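Below is one structure, written out as C-alpha cells; the observations come after it.
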Amino acid sequence: MRKKIVAGNWKMNKNAEDGQKLASEVVNMVKDEVTNDATIVICPPFLTIFPVEKLVKGTKVQLGAQNCYSKASGAYTGEVSAEMLKSVGVQFVILGHSERREYFAESNQLLTEKVNIVLANGQTPIFCCGETLDQRQKGIHLDFVKSQLTESLFHLPEAEFKKVVIAYEPIWAIGTGVTATSAQAQEMHEIIRNHIASKYGKNVAEEISILYGGSCKPDNAKELFSCKDVDGGLIGGASLKARDFVDIIKSF
Ligand code: PGA
C-alpha cells in the first residue's frame with residue numbers, strides 16, 4: 001500500500017510567533033479529529049522550524065523544509081544544509097518547487113545534487129515537477145514532466161528511488177485558484193507512474209506516492225484524492241489555515 005501524504009508548504013509566510021500558533025492549532029485539530037492513517041507534514045520557513053519542532057515532537061505531525069543546499073557543509077554564505085535540518089527534526093525536504101526553479105534558477109542538474117544529499121541524510125525528498133500553461137497549451141506538458149523526472153531522479157539506484165515522494169504541481173494552478181480537474185491530475189499522475197515503471201519496473205512504480213499540488217482546498221481535495229494515482233497533496237495557501245489544512249487531511 002502506498003503512503004497517503006498531505007504536506008503543507010507555508011512558503012515565506014509566518015514568523016516564529018505566528019508559525020508556532022499555526023503549528024499548535026494543526027497539532028490539536030489533528031489529535032482531536034484525524035482518524036485516518038495519512039502521513040502529515042508541515043513545512044515552515046527555515047527559522048520557524050526550530051521553535052515548531054518542540055510543538056510537533058511526539059505527535060502525528062512531522063516536519064519538513066522547503067529547500068536545502070546541495071552541498072554538505074562549508075563556505076556557502078546564507079545556505080542551510082540537509083544535515084542542519086535533520087538536527088532540528090526535519091524528515092522531509094521539498095525540492096525543485098516551481099518557485100525555486102523560476103526565481104532561484106534551480107536546474108534539473110542542481111536538483112540531482114539536492115536529491116542525493118537529502119537521501120544521504122536519511123530524509124525524504126518531496127520532488128516537485130509540473131508544466132507551465134504555455135507548455136500544456138502546446139501539448140508538450142507530458143514530455144516536459146517526464147524529462148524533469150528523468151534528469152533529476154533516474155540516476156538513483158532502485159533502493160534510493162523508492163524513498164522519493166513526487167509532487168505534481170502544474171504551475172498554472174499554483175496560487176491561482178485554478179485547480180487541475182481530477183481528470184487532468186489523474187492523467188498526469190498515471191503518466192508519471194508509467195514513466196517510473198519504464199525505468200524501475202511496475203512494482204516500484206506502484207509503491208511511489210505521487211501528490212497533487214496547485215490550489216488544492218477542502219472543497220476539491222476529496223475528488224482529487226479519490227483518483228487512482230493521486231496519493232495526497234502538497235498544499236500551499238490552504239495550509240496557512242489550520243481548519244482548511246486539517247479538513248484536507250480528512251478528505252481521504
Ligand atoms: P497553492 O500552492 O496550494 O497555494 O496553490 C501549492 C504549492 O505551491 O505547493
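The values are calculated or read from the model by the stated rules, or taken from the named source; none is laboratory data. All values reported here derive from a predicted model rather than from experimental measurement. Quick reminder, even Gly has a Cβ in these numbers, built from the backbone with ideal geometry, and neighbours come from all protein chains shown.
Here are the numbers:
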| item | result |
| --- | --- |
| Count - residues of the range 173-200 that are within 13 Å of the ligand (Cβ to nearest atom) and surrounded by fewer than 18 Cβ atoms within 10 Å (Cβ to Cβ) | 4 |
| Test: residue in the range 2-18 that is on the phi > 0 side of the Ramachandran plot and assigned to a loop (DSSP other than H, G, I, E, B) | yes |
| Selected residue (criterion: nearest to the ligand (Cβ to nearest atom)) from residues of the range 242-252 that are touching a residue at least 60 places away in the same chain (Cβ under 8 Å) and among the charged types (D, E, K, R) | ARG243 |
| Candidate set: the range 160-178, residues that are under 12 Å from MET188 (Cβ atoms) and not in a loop (DSSP other than H, G, I, E, B); chosen: the one nearest to the chain's Cα centre (by Cα) | ALA167 |
| Tally of residues being in contact with a strand residue (DSSP E or B) (Cβ under 6 Å, 6 or more places away or on another chain) and either of a type in the set (A, V, I, L, M) or buried (at least 23 other Cβ atoms within 10 Å of the Cβ) (or both) across the range 37-48 | 5 |
| Helices (runs of 4 or more DSSP H) enclosed by the range 63-152 - at least 3 residues per element that are among the hydrophobic types (A, V, I, L, M, F, W, C) and in contact with a strand residue (DSSP E or B) (Cβ under 8 Å, 6 or more places away or on another chain) | 108-120 |
| Qualifying residue in the range 49-67 (condition: within 16 Å of the ligand (Cβ to nearest atom), in contact (Cβ under 8 Å) with a residue 60 or more places away in the chain and surrounded by 15 or more Cβ atoms within 10 Å (Cβ to Cβ)) | yes |
| Subset tally (residues that are within 25 Å of GLY130 (Cα to Cα) and either more than 16 Å from the ligand (Cβ to nearest atom) or crowded, with 18+ Cβ neighbours inside 10 Å (or both)) for the range 82-110 | 19 |
| Selection within the range 28-45 - part of a helix (DSSP H, G or I) and farther than 18 Å from LEU234 by Cα | ASN28, MET29, LYS31, ASP32, GLU33 |
| Evaluation of SER152 against (1) in contact with a helix residue (DSSP H, G or I) (Cβ under 8 Å, 6 or more places away or on another chain); (2) free of Cβ contacts under 8 Å to residues at least 24 places away in the same chain (one fails), failing number | (2) |
| Unmet criterion (only one of (1) in contact (Cβ under 8 Å) with a residue 12 or more places away in the chain; (2) of a type in the set (Gly, Ala, Ser); (3) out of contact with any helix residue (DSSP H, G or I) (no Cβ under 6 Å at 6 or more places or on another chain)) for SER107 | (1) |
| Number of positions in the range 204-217 that are surrounded by fewer than 24 Cβ atoms within 10 Å (Cβ to Cβ) and either of a type in the set (Asp, Glu) or in contact with a Ser or Thr (Cβ under 7 Å, 6 or more places away or on another chain) (or both) | 3 |
| Where a residue in the range 214-238 is over 14 Å from VAL165 (Cβ atoms) and charged (D, E, K, R) and its partner, wherever it lies, is at pLDDT 95 or above and surrounded by fewer than 24 Cβ atoms within 10 Å (Cβ to Cβ), with Cβ under 6 Å and at least six apart | LYS217/ALA238; LYS222/SER251; GLU223/SER182 |
| Single unsatisfied condition, MET1 versus (1) out of contact with any strand residue (DSSP E or B) (no Cβ under 9 Å at 6 or more places or on another chain); (2) among the hydrophobic types (A, V, I, L, M, F, W, C); (3) surrounded by 14 or more Cβ atoms within 10 Å (Cβ to Cβ); (4) under 23 Å from SER226 (Cα atoms) | (3) |
| Qualifying residue in the range 150-163 (condition: under 17 Å from SER98 (Cα atoms) and surrounded by fewer than 20 Cβ atoms within 10 Å (Cβ to Cβ)) | yes |
